[in-house]
1. Being of a type in the set (V, I, T), without any contact (Cβ under 8 Å) to a residue 24 or more places away in the chain and not assigned by TED's automatic domain parsing to the domain that holds L38: is that true of I209 here?
2. Residue by residue through segment 66-113, note down the ones that are in a helix (DSSP H, G or I), free of Cβ contacts under 8 Å to residues at least 24 places away in the same chain and either among the charged types (D, E, K, R) or not assigned by TED's automatic domain parsing to the domain that holds A144 (or both).
3. Among the numbered conditions (1) touching a Leu at 6+ places or on another chain (Cβ under 9 Å); (2) not assigned by TED's automatic domain parsing to the domain that holds E42, tell me where L235 comes up short.
4. Take the residues in segment 49-64 that are in contact with a strand residue (DSSP E or B) (Cβ under 8 Å, 6 or more places away or on another chain) and either among the hydroxyl-bearing types (S, T, Y) or part of a loop (DSSP other than H, G, I, E, B) (or both), then tell me which one is surrounded by the most Cβ atoms within 10 Å (Cβ to Cβ).
5. Which of the numbered conditions does D71 fail, given that it passes all the others? Conditions: (1) under 30 Å from L246 (Cβ atoms); (2) acidic (D, E); (3) in contact with a helix residue (DSSP H, G or I) (Cβ under 8 Å, 6 or more places away or on another chain).
6. Taking segment 220-238 as the search range and keeping residues that are assigned to a loop (DSSP other than H, G, I, E, B), touching a helix residue (DSSP H, G or I) at 6+ places or on another chain (Cβ under 7 Å) and free of Cβ contacts under 8 Å to residues at least 60 places away in the same chain, which one is nearest to V59 (Cα to Cα)?
7. I'd like the full set of residues that are small (G, A, S), over 15 Å from S177 (Cβ atoms) and either in contact with an Asp or Glu (Cβ under 7 Å, 6 or more places away or on another chain) or surrounded by 10 or more Cβ atoms within 10 Å (Cβ to Cβ) (or both), limited to segment 268-290.
8. Could we say that V197 is surrounded by 14 or more Cβ atoms within 10 Å (Cβ to Cβ), touching a strand residue (DSSP E or B) at 6+ places or on another chain (Cβ under 6 Å) and part of a helix (DSSP H, G or I) here?
Amino acid sequence: MLTIWAILLMSMTMMSLVEYVRYSGEEAILAESDFRALNLAESGLAVGLHPNTRRGDAVLKQKIGADSGFDVVINYEGARIPINYATDERLREAIYNLFIYWQLNAEAAQIAADSLADWVDSDTSPRANGAEKEYYQGLGIFDAPRNQGFLRVDEMLLVRGMDVVDQKKPDWREFFSVYGEGQIDLRTVFKDVLLAVTGASENDVDRFIRERDGGDGIPGTEDDRRIRDEDAYQLLGLSGDRLASLRAIVNDDDTSLRRITSIGWSGTKRAEIIVVTRRNQETGALTYLGRIEE
């Protein structure tokens, strides 16, 4: 009996050991894929950061081996609304228009837009539908608003009215930037932002984007068309006082602030790195403003 029990015990031990080795092997393979995906994302980032690399270059999408590679997208921060410039009435109006386009009612859109501007400005006087220190103190929050701008886009959720925006448009973060320098880049601006900033009709905006993004309809590819300001204004149907007001906040030459998204992949594993950089146009020096890994 003792011998039989000993054999059973040894069998169970060996089965457990085999299962452990198998599980450890699978973990090691997954860990290797994770590491390789991240390494490829870093490699793609290096390609995207090269000063001679341009949007749409074939080198930005590379397959390395049978089941791995990287995809890099170069964008400009001017594609988004520069939230720390919300005190500019033209941009505050654009934020309001954006919220209306996302189907907030007029009151909710005004509250959120005014409150965002109040958070950014340096005074303590609330706008007509905004919120300053007294409002937040009534909610038991004693360190808001900062009155020095946002450090991260996520901080916008702390602002009065942004909970409604979050419910209506969960991906709203994609349309704002804390790094933008007060202007909208016509080469890469998102449709929602372009509608909100220009007040152009949806048909005119769609026509402009079709012309800009080329035959494949995909931004950032080789067939994109560079549309100069005057041609862009004509396509968007802008003229007169409206055009005169917008000239200071839209451009087609914002090349200093880049948002580079690099996705490395290995098998089923993905690693994504996003960096925002500023390049000095005179010296070529590169400054990192932000980095996100996913």
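The values are calculated or read from the model by the stated rules, or taken from the named source; none is laboratory data. Please read these numbers as outputs of a predicted model, since none were measured by experiment. FYI the Cβ positions are ideal-geometry reconstructions off the backbone, even for glycines, and counts take in every protein chain you see.
1. yes
2. Selection gives E89, E93, E107.
3. So L235 meets the others, but not (1).
4. My answer is R55.
5. Among (1) under 30 Å from L246 (Cβ atoms); (2) acidic (D, E); (3) in contact with a helix residue (DSSP H, G or I) (Cβ under 8 Å, 6 or more places away or on another chain), D71 violates only (1).
6. So, considering only residues that are assigned to a loop (DSSP other than H, G, I, E, B), touching a helix residue (DSSP H, G or I) at 6+ places or on another chain (Cβ under 7 Å) and free of Cβ contacts under 8 Å to residues at least 60 places away in the same chain, the one nearest to V59 (Cα to Cα) is R225.
7. Selection gives A271 alone.
8. Criteria met by V197.
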